[in-house]
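Where a number appears in this text, it was derived from the coordinates with a stated rule and is not lab data. These numbers were taken from a predicted model, which means no experiment stands behind them. Note: ideal-geometry Cβ built from the backbone for every residue, glycine included; neighbour counts use all protein chains shown.
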Amino acid sequence: MKVKLAVLAIATAALGPLPVLAQGQNCGNRTSVVETLTSKYGETRQSIGMAPQGRVVEVFASLETGTWTITITMPNGMTCLVASGQSFEPLDERIEPAGVPS
């Protein structure tokens, strides 16, 4: 779970404010975006996290095909596609913070 949250944190940090992306072609109503990810790509939500300014970052993936998509949803319900790819693998690793004895 911590690995998934780390991925979300990195993706969120790389996003910045997102004012232009929110107006682009890669955004839409959250219900429609999730429906497309599910019906067209077989992806379901694998993790979720809160980002600054009330944004919600989610990772969707298909455990069958390995495709994945990272989305960010604004407080107004607009969802934008941030990144996508292949070879998704769920991990259940525990990562200890640096300097903490195991």
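Points worth noting:
- Proximal charge balance of Asn76 [Cβ under 12 Å; K/R count +1, D/E count -1]: +2
- Total formal charge among the other residues, if their Cβ is under 10 angstrom from that of Leu37, Lys/Arg +1 and Asp/Glu -1: -1
- Under the combined filter of DSSP loop state and at most 11 neighbouring Cβ atoms within 10 Å, the stretch 39-102 retains these GluC sites (Glu not before Pro): Glu64, Glu93.
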